[in-house]
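What follows is a set of notes on a single structure, which appears directly below.
No lab work stands behind these numbers, since they all come straight from the coordinates. The structure presented is a predicted model; accordingly, all values stated were derived computationally and were not measured. For neighbour counting, all protein chains shown are included, and Cβ atoms are generated from backbone atoms with ideal geometry for every residue, glycine included.
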Amino acid sequence: MEQKQEKEVKKENLKEQECSVTFTKEQLLTSKRYKNQKDLLSAILKEQGSYTILEVEQKIEHYRKREVK
């Protein structure tokens with residue numbers, strides 16, 4: 001039972017870190033997490049910007065749900 005609670009606490013801590021730590025476009029492009037989405041990130045992220053994981057996920061989601069003209 002304690003292990004389950006510890007895992008939940010670790011997940012919460014990871015989510016908090018994802019919301020506070022920022023990365024450059026270059027760091028995100030070279031990360032394992034986004035290795036299959038490099039082209040997309042290249043298009044939607046600004047060169048001089050810094051982004052949290054949450055911001056990147058939101059930008060990806062927004063891009064995918066946008067209306068095609």
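Once the Cβ-Cβ distance of residue 40 and residue 20 is raised to the sixth power relative to R0 = 22 Å, the FRET efficiency obtained is 0.40.
Taking a Cβ cut-off of under 10 Å around residue 47, the surrounding Lys, Arg, Asp and Glu residues balance to a net charge of +1, with basic ones at +1 and acidic ones at -1.
One way to sum up the overall shape of region 15-69 is the equivalent ellipsoid from its Cα gyration tensor, whose semi-axes run 18, 13, 10 Å, largest first. Residue by residue, region 40-54 carries 3J(HN,Hα) couplings of 5, 5, 4, 7, 9, 9, 7, 4, 8, x, 10, 9, 7, 4, 4 Hz when phi is fed to the Karplus relation 6.51 cos²θ - 1.76 cosθ + 1.60 (θ = phi - 60°); x denotes Gly or Pro.
Amide H contacts of residue 50: none lie under 5 Å away among residues 5 or more positions distant or on a separate chain (H built 1.01 Å from N in the peptide plane; Pro and chain starts excluded).
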